[in-house]
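**Student:** Let me give you the structure first, and then I'll get to my questions.
Just so you know, all these numbers are worked out from the coordinates, no wet-lab data involved. Note that the structure is predicted; figures quoted are calculated from it, not measured. Methodologically, a virtual Cβ is constructed for each residue, glycine included, from the backbone with ideal geometry; neighbour enumeration extends over all protein chains shown.
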Ligand SMILES: Cc1cc2nc3c(=O)[nH]c(=O)nc-3n(C[C@H](O)[C@H](O)[C@H](O)COP(=O)(O)OP(=O)(O)OC[C@H]3O[C@@H](n4cnc5c(N)ncnc54)[C@H](O)[C@@H]3O)c2cc1C
């Protein structure tokens, strides 16, 4: 999937330090439907590491972490 | 807060201000946690809204049941139809413990009645495993679970049975504290206080018969006493509109605080979908943006007010020490010292909240921007 492909849900978590991008993603996963794709925009370096870790642990699919100019676009698919 | 700030600045002939509130009461929610540990009385954290409002504000004690932003009208349960030129939505967050199967075996401190129940359960607890879990994201006051673990440690120390109690926090994140730069400091405190933790544990269900709590990630933890931060949702009246996302959180512009494409509808506080802590502090900073914007619009002096994502919070770490955090969209929080000063500031705030905040009496420098 190329980094600009549209997703079902887009969360702009740039500037979010508390609760933070991962919390925003967990919320979207809980509220979402199985099979949905979620893109999260983040400029928090820790999230680039934490989100893939959590996605792996929780059994969802990490489609990609894409570097944008001043932020990352992390795309995840809800699998269960 | 918004009603009072508008009433303070606008003359009678400039605007008529009406506040609709379901029960006419204002509750100071940071007090819940202190009720649980026996340091606060339930009647001290609630006041009649009328007594806090300026005379110019009309108070309608009734439930809003329908919001029609195209027709600019709010309908209440007594079928009162209120028309508006500007609407500010501040409906807060609802808690839904029942969304977690098995929740009947868990306690929490997110309303007065439950905090009183927890106080009783803690007073009767003489040893064993206390587990604190998080039943849903987002929830009000993200540091509250870690804060409650520290206060629990202090509470059992005071009772002289700390060595008989294991305290464990189940964190939904890969760290204990939601704010990353502060996590090393909080981890150190947890180690010092012998508070255990598990990470990546988003509570999914509880099995009361086995005294087990299960996570979304597929793990389990056993408990003797379980405290579960309940799942939160936006207010029912909001969920019935097209103004919100799936959690019922109002889709709000992160800077102007306007709702979707409506120029005359604003949202503040816990009700929004903004990526900031659901905190009274955020609501406070948002208030000056919304009131500034409405007043500017009415008078034709608009300066394009923008919310910068600012949040300030004081966390009580027990033993009369605390930390103060201050951050916004552009400035991540910096690890602060653990100090008596931060603790006393929190206590000062708890005492003087009623006099200062709802009445909009905070000095200007406290509402300034971070540099
Ligand atoms: C345990 C705990 C500790 C906390 N600690 C802190 C802290 O240390 N610092 C901090 O800044 N924040 C803290 N908070 C968070 C803070 O209390 C909230 O963020 C704050 O109260 C949000 O204000 P609000 O006006 O958005 O919502 P609320 O204060 O919840 O007000 C919402 C109002 O809307 C009314 N309402 C809802 N639906 C309707 C309807 N249909 N019709 C009419 N009225 C309606 C309700 O009656 C209520 O009065 C804490 C919260 C908790 C639970």
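**Student:** Modelling each spin label as a point 7 Å along the Cα-to-Cβ direction, I'd like the residue A:79/residue A:53 distance in nm, to one decimal.
**Tutor:** For residue A:79 paired with residue A:53, the spin-label model returns 1.9 nm.
**Student:** Which residue, B:138, B:231, B:332, has the most motion in a Gaussian network model of chain B that connects Cα atoms within less than 10 Å?
**Tutor:** The residue that fluctuates most here is B:332.
**Student:** If each DSSP helix of 4+ residues adds -39,500 (n - 2.57) and the sum is divided by the residues in chain B, what number results at 222 nm, nearest 500 deg cm²/dmol?
**Tutor:** Using -39500 (n - 2.57) per qualifying helix, the result is -8000 deg cm²/dmol.
**Student:** Full-extension gain between residue B:334 and residue B:261, please, as 0.36 nm times their residue separation minus the C-alpha to C-alpha distance. Don't jump to the answer; show the numbers that get you there.
**Tutor:** Working: separation 73, 0.36 × 73 = 26.28 nm, distance 3.53 nm.
Gain on stretching residue B:334 to residue B:261: 22.7 nm.
**Student:** Give me the distance between the Cα centres of segment B:274-294 and segment B:239-270, rounded to whole Å.
**Tutor:** If you average the Cα positions of each part, the centres end up 13 Å apart.
**Student:** Taking the simple approach of a point 7 Å from Cα along Cα-to-Cβ for both residue B:79 and residue B:65, what is their distance in nm?
**Tutor:** Spacing of the two 7 Å Cα→Cβ label points: 0.9 nm.
**Student:** Among A:28, A:39, A:58, which one shows the biggest mean-square fluctuation in a GNM of chain A, springs joining Cα atoms closer than 10 Å?
**Tutor:** A:58
**Student:** Follow-up. Determine the percent antiparallel among the DSSP beta bridges restricted to chain A, to the nearest 5.
**Tutor:** The answer is about 75 percent antiparallel.
**Student:** Want the number for residue B:299 to residue B:224: 0.36 nm per residue separation, take away the alpha-carbon distance, what's left?
**Tutor:** Difference between extended and current length: 21.0 nm.
**Student:** Right, next: At 1.567 mPa s and 4 °C, plugging the Kirkwood radius over alpha-carbon pairs of the protein assembly as shown into Stokes-Einstein gives what diffusion coefficient in µm²/s?
**Tutor:** Values: Rh = 22.9 Å.
My calculation gives 57 µm²/s for D.
**Student:** Continuing with this model, one more query. Mind telling me which of A:57, A:68, A:48 comes out most flexible in a GNM of chain A, alpha-carbon contacts under 10 Å?
**Tutor:** A:57
**Student:** Let me ask something additional. Using the Kirkwood formula on the Cα atoms of chain B, what hydrodynamic radius do you get, in angstrom to one decimal?
**Tutor:** On the way: mean 1/r = 0.0460 Å⁻¹.
Computed over Cα pairs of chain B, the Kirkwood hydrodynamic radius comes out at 21.7 Å.
**Student:** To continue, here is another question. For the protein assembly as shown, what proportion of DSSP beta bridges, expressed in % and rounded to the nearest 5, is antiparallel?
**Tutor:** In the protein assembly as shown, approximately 60 percent of DSSP beta bridges are antiparallel ones.
**Student:** Next question, about the same structure. Averaged over peptide B:173-180, how many Cβ atoms belonging to another chain are found within 10 Å of each residue's Cβ?
**Tutor:** 5
**Student:** Quick one: Debye curve from the alpha-carbon atoms of segment A:9-77 only, equal weights, vacuum; give me log10 I(q)/I(0) at q = 0.28 Å⁻¹ to two decimals.
**Tutor:** -1.45
**Student:** Then there is this: Using only alpha carbons, build the gyration tensor for segment B:215-272 and give me the equivalent ellipsoid semi-axes, biggest first, whole Å.
**Tutor:** Computed over segment B:215-272, the values are 34, 11, 11 Å.
**Student:** Which whole-angstrom value gives the distance between the alpha carbon centres of segment A:63-80 and segment B:3-50?
**Tutor:** Centre-to-centre (Cα) distance: 41 Å.
**Student:** Once you have a ≥ b ≥ c as the square roots of the Cα gyration tensor eigenvalues for segment B:244-320, tell me rounded if a/c is under 1.5, and otherwise prolate or oblate according to whether a/b is larger than b/c. Could the numbers behind the result be given before it?
**Tutor:** On the way: a/c = 3.25, a/b = 1.53, b/c = 2.12.
Oblate, because a/c is 1.5 or more while a/b does not exceed b/c.
**Student:** Let me ask you something else. Hey, what D do you get for segment B:181-320 in µm²/s if you plug the Kirkwood alpha-carbon radius into Stokes-Einstein at 4 °C and 1.567 mPa s?
**Tutor:** 70 µm²/s
**Student:** Rounded to the nearest Å, what's the spacing between the alpha carbon centres of segment B:54-94 and segment B:165-184? Just the number, please.
**Tutor:** About 39 Å separates the Cα centre of segment B:54-94 from the one of segment B:165-184.
**Student:** Return the FRET efficiency for the residue pair residue B:326, residue B:354: r is the Cβ-Cβ distance, R0 is 30 Å, and the value is rounded to the nearest 0.05.
**Tutor:** 0.85
**Student:** Take peptide A:21-34, look around each residue's Cβ out to 10 angstrom, count Cβ atoms belonging to other protein chains, and average those counts.
**Tutor:** The mean count of partner-chain Cβ atoms within 10 Å per residue comes to 5.
**Student:** To continue, here is another question. With runs of 4+ DSSP H residues as the only contributors, calculate the mean residue ellipticity of chain A at 222 nm using -39,500 (n - 2.57) per run, divided by the residue total and rounded to the nearest 500.
**Tutor:** Taking each H run of at least 4 residues, the total per residue is -10000 deg cm²/dmol.
**Student:** Another one. Just grab the label-to-label distance for residue B:245 and residue B:198, each label 7 Å out from Cα along the Cβ direction, in nm (one decimal).
**Tutor:** So the two model labels end up 2.7 nm from each other.
**Student:** Determine the percent antiparallel among the DSSP beta bridges restricted to chain B, to the nearest 5. Can you show the working numbers first?
**Tutor:** Working: 30 of 55 bridges.
Taking every DSSP beta bridge within chain B, about 55 percent pair in antiparallel fashion.
**Student:** Moving on to the next point. So for segment B:1-92, what are the equivalent ellipsoid semi-axes in whole Å, largest first, each being the square root of 5 times an eigenvalue of the Cα gyration tensor?
**Tutor:** 28, 17, 11
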